[in-house]
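Have a look at the structure below before the remarks.
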Amino acid sequence: MTVPVLNNRAARHLFLAKHGLADRPSGPGKGPDLEAVIGNLGFVQLDSVNTFARAHDLILWSRRQQFRPKALQHLLHRDRQLFEHWTHDAATIPIKSFAHWRLRFARDATRMEQRWKEWRRGDFMAKIDDVLRHISDNGCCTSGDVGTDESRGSGGWWDWHPSKTALEYLWRSGQLSVVRRDGFTKVYDLTERVIPAEHLNRRHQEVDTIEWCCAGAMDRLGFATSGELAAFWDHVTPAEAKAWCQAALAEGRIVEIDVEGFDGKLRRSFAWPDAMDLPVPAPTPRVRILSPFDPALRDRKRAERLFGFHYRIEIFVPAPKRKYGYYVFPVMEGDRLIGRIDMKRDGDVLAVRAFWPEAGVRMGEGRMKALANELERAAAFGGCEQIDYAESWVR
């Protein structure tokens with residue numbers, strides 16, 4: 001049987017449409033509109049690096065340029081339409097998904113009990129009851145409010161004091177929830193005080209959660225291998241995703257296709273049967289500055305296959321060995337990644353240090369104007385009153 005081929009251009013268009021990067025970034029960017037954006041993405045990764053804007057805020061601004069950070073905080077902490085937990089990293093997740101996280105809670109608890117005893121300082125399990133009692137009696141708390149008699153380590157994740165580790169264990173296992181953040185510090189409370197009852201009391205069978213995860217990942221990726229489905233939420237195992245694909249293929253729910261990469265190579269993948277027939281228009285040609293943690297780029301290998309764009313964060317690379325910079329932002333134009341930009345908010349100034357076009361990208365007058373327009377929009381979003389361009393900033 002001949003396997004249909006999804007050419008690279010069509011694959012990029014489908015992928016970007018699924019990730020909310022095909023249409024103009026218009027819309028109110030708050031309330032139900034913002035909730036829908038996050039729901040369509042599945043989750044938005046949270047990150048503390050704030051050279052210009054935090055990753056989660058920039059991800060949402062790239063799709064709704066009227067978005068402002070308070071709108072996300074309202075959905076999370078006031079309206080409880082979202083909750084914070086773990087996918088491949090800390091993330092903000094639609095509250096409607098909460099019941100499916102119970103599988104994650106149980107699996108994370110087992111994993112932590114087995115591994116953290118060896119990795120962490122002190123016997124954190126002995127602090128579980130004390131921490132729960134403290135929160136039950138005194139209300140929500142941060143890691144600074146517990147274990148006040150315990151010595152503090154260097155601050156690395158491997159050297160938390162035992163009560164801080166207990167807090168993290170209780171959050172990851174679902175017994176505590178993040179009620180809010182003070183700055184970027186998590187404030188924890190008992191889950192039954194945080195999660196609305198209709199979601200708190202809902203339960204799903206394991207098989208139903210595996211189905212939800214795999215089908216939901218396929219919806220949001222457009223096409224995927226079983227490994228990519230498993231990695232999307234980092235929720236089900238590769239073996240479970242592989243079994244789901246085999247069963248869904250046998251039932252005719254999904255089909256095999258070959259997806260053409262940027263280099264012309266084909267990669268066997270799975271897709272819904274109508275994936276080849278969906279009318280997907282070309283993305284709007286505007287220039288967008290993206291977060292390094294944007295959902296379209298989270299899977300670095302997939303992004304490189306589709307767009308020919310090799311990206312690595314150099315935060316942990318010694319400065320003399322960095323090729324680009326501490327924290328550079330990918331730049332997209334239409335369905336292409338055209339370069340990366342080193343910029344930083346410095347008070348009320350957006351300092352643009354360098355822009356590196358991708359090979360074969362010519363920075364003509366029109367493209368330079370489009371990039372300048374996006375930088376002006378970014379400056380407004382970041383509360384900057386002016387833009388300072390370094391000399392010879394286009395490399």
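Residues that are modelled with pLDDT of 95 or more and either of a type in the set (D, E, K, R) or over 18 Å from the mean Cα position of the chain (by Cα) (or both) within region 315-343 comprise E333, G334, D335, R336, L337, I338, G339, R340, I341, D342, M343, listed in sequence order.
Scoring E256 on the criteria (1) over 23 Å from Q45 (Cβ atoms); (2) part of a loop (DSSP other than H, G, I, E, B); (3) open to solvent by 50 Å² or more (accessible area, probe 1.4 Å) leaves a single failure, condition (2). Restricting region 360-395 to residues that are under 18 Å from Q65 (Cα atoms) and without any contact (Cβ under 8 Å) to a residue 12 or more places away in the chain, which is farthest from the chain's Cα centre (by Cα)? By that ranking, first place goes to A372.
A quick yes/no check of all residues on (1) over 22 Å from T87 (Cβ atoms); (2) at pLDDT below 95; (3) touching a strand residue (DSSP E or B) at 6+ places or on another chain (Cβ under 9 Å):
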| site | (1), (2), (3) |
| --- | --- |
| I257 | yes, no, yes |
| A275 | yes, yes, yes |
| S291 | no, no, yes |
| I313 | no, yes, no |
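Taking A224 as the residue in question, decide whether it is closer than 30 Å to D108 by Cβ, of a type in the set (G, A, S), touching a residue at least 40 places away in the same chain (Cβ under 8 Å) and in contact with a His (Cβ under 6 Å, 6 or more places away or on another chain). No: the conditions fail for A224. Checking the conditions here, which among G325, G339, G308 is buried (at least 17 other Cβ atoms within 10 Å of the Cβ) and closer than 30 Å to A10 by Cβ? Checking each option against the conditions leaves just G339.
Is it fair to say R102 is of a type in the set (K, R) and under 29 Å from V331 (Cα atoms)? So R102 fails the test.
Given the conditions (1) in a loop (DSSP other than H, G, I, E, B); (2) without any contact (Cβ under 8 Å) to a residue 24 or more places away in the chain, report the number of the one that P320 does not fulfil. With (1) in a loop (DSSP other than H, G, I, E, B); (2) without any contact (Cβ under 8 Å) to a residue 24 or more places away in the chain applied to P320, the lone miss is (1). Across region 259-279, the number of residues qualifying as part of a loop (DSSP other than H, G, I, E, B) and either touching a Lys or Arg at 6+ places or on another chain (Cβ under 9 Å) or surrounded by 11 or more Cβ atoms within 10 Å (Cβ to Cβ) (or both) comes to 9. Residues in region 223-253 that are open to solvent by 20 Å² or more (accessible area, probe 1.4 Å), closer than 25 Å to N40 by Cβ and small (G, A, S): S226, G227, A231.
Does any residue of region 172-193 turn out to be open to solvent by 60 Å² or more (accessible area, probe 1.4 Å), over 26 Å from V49 (Cβ atoms), at pLDDT below 90 and not charged (D, E, K, R)? Within region 172-193, none of the residues are open to solvent by 60 Å² or more (accessible area, probe 1.4 Å), over 26 Å from V49 (Cβ atoms), at pLDDT below 90 and not charged (D, E, K, R). The helices (runs of 4 or more DSSP H) falling completely within region 5-118 include none with 3 or more residues that are open to solvent by 60 Å² or more (accessible area, probe 1.4 Å), without any contact (Cβ under 8 Å) to a residue 40 or more places away in the chain and more than 29 Å from E206 (Cα to Cα).
Quick check on region 352-359. Is at least one of its residues part of a loop (DSSP other than H, G, I, E, B) and touching a residue at least 60 places away in the same chain (Cβ under 8 Å)?
no
The values are calculated or read from the model by the stated rules, or taken from the named source; none is laboratory data. Fair warning: this is a prediction, and the values are worked out from it, not measured in the lab. So basically every Cβ, Gly included, is an ideal-geometry build from the backbone, and we count neighbours across all protein chains shown. Remember, those area values only see protein heavy atoms, side chains included, never the ligands or the DNA or RNA. Shrake-Rupley method; radii C 1.70, N 1.55, O 1.52, S 1.80 Å.
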